[in-house]
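The values are calculated or read from the model by the stated rules, or taken from the named source; none is laboratory data. Please read all numbers here as calculations on a predicted model, not as lab measurements. So basically every Cβ, Gly included, is an ideal-geometry build from the backbone, and we count neighbours across all protein chains shown.
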Amino acid sequence: MKIFFSPENSVQKNINFKQNKKQETVAILGSSKTKDSIMDYMELCSEVTKSLVLADKNILHGCGNSGIMGSAYNAAKTYSKKDENNKPAQNLAIVKTPLWGDEDMKNCIVLDSANSEAERIEKFSNLADKIIIFPGGAATMQEAATLISRNNYTPEDKRKKIVLVGSDYFKGLNEQYETIYQNGLLNGKPEELYTLADTKEEILSA
C-alpha cells in the first residue's frame, strides 16, 4: 500500500542544502530490488559508498531498503557523520510521493520529494555533483538515458560526471550510443558523456 508524504518545507530544505553544502554530493542510482543476479553489484555498491562517505562525500539516493538502493542507504547510514539531531548527515534522499512504504526516513535526511520518476531524475541531477548508476530495471535505464541526454545538450565544461557500473550490463546501451554517434546524431563521443566502470578502483578514480 502506497503512503502519501509531503516533506515539511522541502523547497526551503533544498535551497538551504544548495547554499550551505560544502561537501561533494554523489548520487547513487540502481535497482530497488534484491536479486541474485545483482548481489555482486550490491556488494560493490556498499564498498564504493563506504569509501565515498569516509572521503567526506554526501550520498544521495532514493531511500529504498533493498537492492542497490538499500546497499547505498545502509553503507551511508553506517559510516556517515552525525548531525546535531544525531542523524547520518551524509545519508541523503529524494523520495517518491506517494511513498512505496519501505523507506526508512528516520536514518537519513530527506532533501525533497518528487511526484514522478522524471521529476526525481531532474532533482537528482540538480543536487548531485556526480552520479553513479549501478544495474537496475526499467526505471534505472530511464534515469541513465535521461541523465546522459542532459549531458549531450550541456556545454562540455558543465556536464555532470556519470559513471555506469557494469560494462557487460550496460553493453547494449553503450552500443546504442556508439551507433547514434556514428550516425552523427550525438553532440559528443559516448565516452565524453559517461564513463563505464567495473571495479571499485575504476569507479572511484572516475
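Details
- Residues of segment 142-170 satisfying the condition of being in a helix (DSSP H, G or I), under 28 Å from S37 (Cβ atoms) and out of contact with any strand residue (DSSP E or B) (no Cβ under 9 Å at 6 or more places or on another chain): Q142, A145, T146, S149
- Some residue of segment 176-194 being charged (D, E, K, R), in contact (Cβ under 8 Å) with a residue 24 or more places away in the chain and under 27 Å from D40 (Cβ atoms): no
- Considering segment 78-102, the residues that are crowded, with 20+ Cβ neighbours inside 10 Å and touching a residue at least 60 places away in the same chain (Cβ under 8 Å) include one that is farthest from V48 (Cα to Cα), namely V95.
- One residue stands out in segment 171-187 among those that are outside any helix (DSSP H, G or I) and on the phi < 0 side of the Ramachandran plot: the one that is surrounded by the fewest Cβ atoms within 10 Å (Cβ to Cβ), namely N183.
- All positions within segment 1-45 that are within 23 Å of L127 (Cα to Cα) and modelled with pLDDT of 95 or more: E24, T25, V26, A27, I28, L29, G30, S31, C45
- Only residues that are part of a helix (DSSP H, G or I) and either among the aromatic types (F, W, Y) or touching a Gly at 6+ places or on another chain (Cβ under 7 Å) (or both) were counted in segment 63-83, giving 6.
- Residue in segment 107-114 that is assigned to a helix (DSSP H, G or I) and either charged (D, E, K, R) or at pLDDT 95 or above (or both) present: no
- Any chance V48 is among the β-branched types (V, I, T), closer than 15 Å to N91 by Cα and in contact with an Asp or Glu (Cβ under 9 Å, 6 or more places away or on another chain): no
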